[in-house]
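Okay, so here's the structure we're looking at.
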Amino acid sequence: MTIVYAAIICGLIAVAYGIITSAQVLRAPPGNEKMQDIAAAIQEGAKAYLGRQYRTIAIVGVIVLALVWVFLDGMRTPISAVSFALGAVLSGVAGYVGMNISVRANVRTAEAARTSLQGGLTMAFRSGAVTGLLVAGLGLLAISGTFWYLAGTNGSAAGAPVVVKALTALAFGASLISIFARLGGGIFTKAADVGAIWSARWKPASPRTTPATPPPLRTMSATMSAIAPAWPPICSKPMWSRSA
């Protein structure tokens, strides 16, 4: 069991370091008032997205949890079902915390980059490390903790079916939430792209290529303007100008 204890310790260290890194990121200056206004809008959108996504995932998770209890536990002691729920919850926690840190770190990274390139890179690395450390740390804690409980305190053999089923259910729960999060993130990003296209189509007279506009924004705006005319005629005028 020595290696199991080592895994538990490593998992605790990873989670602790992730918490410390999160605190360092949040203590950094968030920039001027305009930057904070933009960051607040991003955070509001991310919060709405996460809330809606996790409510949907919870419904699917409960259904799968019942199936795990029926087919893996045989409707007896819900060891596999509890393991599935543990993996799903910890995976969801890692994703939720990581997203919340990311949408707060972006403005702090921009502010740090105004001072020096090294400062911006350091802030970006720290914010990205939070999700990575939480995923690795919580994963280690879940797997090693479950194995320690079943094979150590519960007296089951390391290769016993109850241990194998529990660890499989644990991994399945974590993977299920991760897959849904990836799909939801892709849909969320595509929705933002569609919004940009519609915005470009509805505002043909907006000054997109003025010298004051940063080159990346000019490029993106030109791309949106080129794509938008191919969209259906419903996009030909602003939504607010149409009758109900």
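The values are calculated or read from the model by the stated rules, or taken from the named source; none is laboratory data. Small disclaimer: the values here were computed from a predicted structure and weren't measured. Note: ideal-geometry Cβ built from the backbone for every residue, glycine included; neighbour counts use all protein chains shown. For the accessible areas, the whole protein counts, side chains as well, though only heavy atoms, and no ligand, DNA or RNA atoms are used. Shrake-Rupley method; radii C 1.70, N 1.55, O 1.52, S 1.80 Å.
Looking only at residues of the range 161-180 that are aliphatic (A, V, I, L, M) and without any contact (Cβ under 8 Å) to a residue 12 or more places away in the chain, we find that the one that is least open to solvent (accessible area, probe 1.4 Å) is VAL164.
Cβ separations smaller than 6 Å between residues 6+ apart or across chains give no pair from the range 80-100 residues that are free of Cβ contacts under 8 Å to residues at least 12 places away in the same chain and over 11 Å from ALA142 (Cβ atoms) to residues that are basic (Lys, Arg) and part of a helix (DSSP H, G or I).
Per the listing ALA142, ALA124, ALA110, ALA105, the residue uniquely more than 30 Å from SER83 (Cα to Cα), open to solvent by less than 30 Å² (accessible area, probe 1.4 Å) and more than 13 Å from the chain's Cα centre (by Cα) is ALA105. Evaluate the following for ALA58: is it at negative phi, open to solvent by 40 Å² or more (accessible area, probe 1.4 Å) and in a loop (DSSP other than H, G, I, E, B)? When the stated conditions are applied, ALA58 does not pass them. When each of THR2, THR109, THR115 is tested for being over 22 Å from ASN154 (Cβ atoms), without any contact (Cβ under 8 Å) to a residue 60 or more places away in the chain and out of contact with any helix residue (DSSP H, G or I) (no Cβ under 8 Å at 6 or more places or on another chain), the lone residue that passes is THR115. Look at ALA157 and say whether it is surrounded by fewer than 17 Cβ atoms within 10 Å (Cβ to Cβ), among the aliphatic types (A, V, I, L, M) and within 19 Å of TYR5 (Cβ to Cβ). Taking the combined requirement at face value, the residue satisfies it.
For the range 1-46, filtering for residues that are farther than 20 Å from VAL130 by Cβ and not in a helix (DSSP H, G or I) leaves 2.
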